[in-house]
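The values are calculated or read from the model by the stated rules, or taken from the named source; none is laboratory data. Keep in mind the model is a prediction, meaning the values are calculated, not measured. All Cβ positions, even for glycine, are placed from backbone atoms using ideal geometry, and neighbour counts span all protein chains on display.
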Amino acid sequence: MQEILNRIEQTAGMGTSFIFKHLIITVDEMECLLASGLSIEKFATENNIDFISLKKFGKVEVLHITSTLNKQSIHEKGLLCNRTVGWINDLGIGLYGVDKDNETGLENLRTYVEGHFDDDDMLIVEADYTGEYIQCIYGYGHEGYIVLKVSIPAQDVTDIISSNVDDFLCLSF
């Protein structure tokens, strides 16, 4: 158990100032926690962990939200994972999205868009990705989010939809 706790990373900050504690576990580790009688929620609460993500490998249909200013770049280069940014997001540096088949993730994304997109226009980018990624399984407002540590090339972008915030909030995928 201590080995798992030693991997807690601090996120959402810069330099030495961080806001959250985030833990990434494997499927086997999650099964061991559950077999020991601990729920993910109880384990997180007892250890002051804000977010727990599950390391996964496979194919996922990613839904990513971005500014309309990025449309040309996405057509040319795909979705870029900017790993040089100084700010570390809530679940660590990476390319954020949701699995378009994950209802919890979609609901949390809608809530985020509603609260953070002042501009009426936005892009909804759909892409196919196969490889390693993490998916948040515990943490207020982040469950269902996925984070990729790599870019998605332009040829794997399957659709770019221009939308306004109000229309996005009503879309079903």
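Descriptive notes on the structure:
- Residue among Thr11, Thr45 that alone is surrounded by 10 or more Cβ atoms within 10 Å (Cβ to Cβ), part of a strand (DSSP E or B) and hydroxyl-bearing (Ser, Thr, Tyr): Thr11
- If you check Asp28, Asp50, Asp90, Asp99 for being over 27 Å from Ile152 (Cα atoms), touching a residue at least 12 places away in the same chain (Cβ under 8 Å) and of a type in the set (Asp, Glu), only one passes: Asp50.
- Of all positions in segment 14-23, none carries a residue that is in contact with a strand residue (DSSP E or B) (Cβ under 7 Å, 6 or more places away or on another chain), modelled with pLDDT of 95 or more and charged (D, E, K, R).
- Residue count for segment 99-126, restricted to those that are part of a strand (DSSP E or B) and within 30 Å of Ile8 (Cβ to Cβ): 1.
- Scope segment 14-26; condition under 17 Å from Gly139 (Cα atoms) and not in a loop (DSSP other than H, G, I, E, B); matching residues: Phe18, Ile19, Phe20, Lys21, His22, Leu23, Ile24, Ile25
- Pairs where the first residue, in segment 106-119, is of a type outside the set (Lys, Arg) and the second is at pLDDT below 85, C-beta under 8 Å, 6+ apart: Leu106/Phe173
- Hey, Ser73 closer than 30 Å to Cys170 by Cβ, of a type in the set (Gly, Ala, Ser) and either within 13 Å of the chain's Cα centre (by Cα) or surrounded by 18 or more Cβ atoms within 10 Å (Cβ to Cβ) (or both) or not: no
- The single condition from (1) over 19 Å from the mean Cα position of the chain (by Cα); (2) in contact (Cβ under 8 Å) with a residue 24 or more places away in the chain that Ser39 fails is (2).
- Of residues in segment 65-84 being closer than 11 Å to Ile152 by Cα and either outside any helix (DSSP H, G or I) or of a type in the set (Asp, Glu) (or both), the one modelled with the lowest pLDDT: Cys81
- Residue match in segment 121-142 (condition: out of contact with any Ser or Thr (no Cβ under 7 Å at 6 or more places or on another chain) and of a type in the set (Asp, Glu)): yes
- Residue within segment 135-149 that is surrounded by 13 or more Cβ atoms within 10 Å (Cβ to Cβ) and assigned to a helix (DSSP H, G or I) present: no
For every residue, the table says whether it meets (1) β-branched (Val, Ile, Thr); (2) touching a Gly at 6+ places or on another chain (Cβ under 6 Å); (3) over 25 Å from Lys42 (Cα atoms).
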| residue | (1), (2), (3) |
| --- | --- |
| Gly105 | no, yes, no |
| Val113 | yes, no, yes |
| Asp128 | no, no, yes |
| Tyr133 | no, no, no |
| Pro153 | no, yes, yes |
| Val165 | yes, no, yes |
